[in-house]
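Below is one structure, written out as structure tokens; comments come after it.
Please treat every number below as a calculation from the coordinates, not as lab data. A quick note: this is a predicted structure, and the numbers were derived from the prediction, not measured. Neighbour counts run over all protein chains shown; Cβ positions are idealised from the backbone, glycine included.
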């Protein structure tokens, strides 16, 4: 599931700033509309963990048993339901006919519950499973319109991954494109450029298919992934936002293997937001900080359409430098990734992210067409203010959302 297992053995609120006390005024129906979706990619079957998640800023969970949906909805959250009758083993090929037979019994009792978001079908399927998955997706759409028939894709890059995602879209007619790629590897401060490569390809697929894009990022190291830093949390979240991602999931929230799908114990999960004993770690506080910033910007983020993404400094594969039609012409003295956006009201926005894992840098963009005024959306207050250039600096992995008055 973040079963990298499958990949290796065979070939994802103002709620954020307020916990349960504000659940009634932050309805789960707001998630994805005025509240940015932030999902714990984990299995939860107790209310303590749910509360720890919501206190951290998480507003979606994958996955819960159906019996927990009332508790999920009472907290203004949404959840993907896991039911063993549909999927019982992480490494077992998907049986579409079996799923279609049991889906009415699974979905009918839960499809109208406020906390219900979707139903788990498959994590990291091979392309040879898409035809079978397509049967189940069609059944979910018929039984529970609006629900997410949840399928998360393998990571990858190059022509083979393009073909893999195109086949997924063509055969499954999905609700969203969701995938995972973990790039916290190697020596301290190393951040694999494959993160940007895969994001660029996933964005292209989402744009061409008019589907929302979800990215699953690493928040609990395991296997050979190196220990996380606060910069890693910032880089993965801001780095997702700059590509126009419309939902972020965290793998994992709890430092331990998921107790579903007969998943093996990986042994060394550690330093997730909750440790193996359910205690809050430093990662919990880092994540809460970032989640609060995202929700403060959510009223703007959720109304933006991604127009282009480009890099200053090193340019990863499948990405490009600024062009004559991009909003930003230059950014001195650093490594940056920039996204151009158009708001639903027609106004233009730019997001700038510092790609350095070690150095803070001043954010002093020069624009292709000089705007009359440059404003920024404060991630601390959510207010739109005049941008204090040249005094505004970005920590490693940090970004800023600018509004250009042309």
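Of all beta bridges DSSP finds with both residues in the chain, what is the antiparallel percent, to the nearest 5?
Of those bridges, close to 50 percent are antiparallel.
Tell me, in nm to one decimal, what length is gained between residue 159 and residue 48 on full extension, where the rule is 0.36 nm per residue of separation less the Cα-Cα distance?
35.5 nm
Run the numbers for residue 27 and residue 170: contour at 0.36 nm per residue of separation, minus the present Cα-Cα distance, in nm.
On the way: separation 143, 0.36 × 143 = 51.48 nm, distance 3.35 nm.
The span from residue 27 to residue 170 would gain 48.1 nm if fully extended.
Among 274, 331, what is the fewest-to-most ranking by other Cβ atoms within 10 Å? Present the calculation step by step, with values, prior to reporting the outcome.
Working: 274 25, 331 22.
In order of increasing Cβ crowding within 10 Å: 331, 274.
To make sure I understand, if each residue's beta carbon is the centre and we count other beta carbons within 10 Å, what order do 132, 405, 230 fall in, fewest to most?
Fewest to most other Cβ atoms nearby, the residues stand as 405, 230, 132.
Got a sec? How would 306, 389 order by Cβ neighbour count within 10 Å, fewest to most? Intermediate values should be presented prior to the final figure.
Values: 306 20, 389 13.
Listing 306, 389 from fewest to most nearby Cβ atoms yields 389, 306.
Rounded, prolate or oblate, given the Cα gyration tensor of the range 229-386, with a/c below 1.5 counting as rounded?
Because a/c hits 1.5 or more and a/b exceeds b/c, the range 229-386 counts as prolate.
List the relative contact order of the range 305-405 as a percent without decimals, with contacts defined as Cα pairs under 8 Å and 6+ residues apart.
Values: 225 pairs, mean separation 27.4, N = 101.
Once divided by the residue count of the range 305-405, the mean separation gives 27 percent.
Tell me the volume per residue, in Å³, of the convex hull enclosing the alpha carbons of the range 184-313. Please report the intermediate quantities before stating the final value.
Numbers: hull volume 17.3 nm³, N = 130.
Per-residue hull volume (Cα only) is 133 Å³.
Does the range 118-161 classify as rounded, prolate or oblate by the C-alpha gyration tensor (a ≥ b ≥ c root eigenvalues; a/c under 1.5 gives rounded; else a/b over b/c gives prolate, otherwise oblate)?
It is prolate, given that a/c is not under 1.5 and a/b is the larger ratio.
What is the range 159-306's relative contact order, in percent, from Cα pairs under 8 angstrom and six or more apart in sequence?
RCO, the range 159-306: 20 percent.
Answer rounded, prolate or oblate for the range 305-405, using the Cα gyration tensor with square roots of eigenvalues a ≥ b ≥ c: rounded when a/c is under 1.5, else prolate when a/b is larger than b/c, else oblate.
Numbers: a/c = 1.58, a/b = 1.12, b/c = 1.41.
Since a/c reaches 1.5 but b/c is at least a/b, the shape of the range 305-405 is classed as oblate.
Two decimals, Cα atoms only, Kirkwood Rh: what is Rg/Rh over the chain?
With Rh from the inverse mean 1/r over Cα pairs, Rg/Rh is 0.95.
Nearest 500 deg cm²/dmol is fine: what mean residue ellipticity at 222 nm does the chain get from its DSSP H runs of n ≥ 4 alone, each adding -39,500 (n - 2.57), divided by its residue count? All intermediate terms of the calculation are to be shown ahead of the outcome.
Details: 10 runs with 115 residues, N = 406.
Calculated mean residue ellipticity at 222 nm is -8500 deg cm²/dmol.
Just to verify a number: FRET efficiency for residue 192 and residue 262, C-beta to C-beta distance, R0 = 45 Å, to 0.05?
Result of the calculation: an efficiency of 0.90.
On a full-extension model of 0.36 nm per residue, what is the gain between residue 91 and residue 34, subtracting their alpha-carbon distance, rounded to one decimal in nm?
Numbers: separation 57, 0.36 × 57 = 20.52 nm, distance 3.69 nm.
That pair, residue 91 and residue 34, stretches by 16.8 nm at full extension.
Relative contact order (percent) for the range 93-217, with alpha-carbon contacts under 8 angstrom and 6 or more residues of separation?
Details: 167 pairs, mean separation 29.4, N = 125.
Normalised by residue count, the contact order of the range 93-217 is 24 percent.
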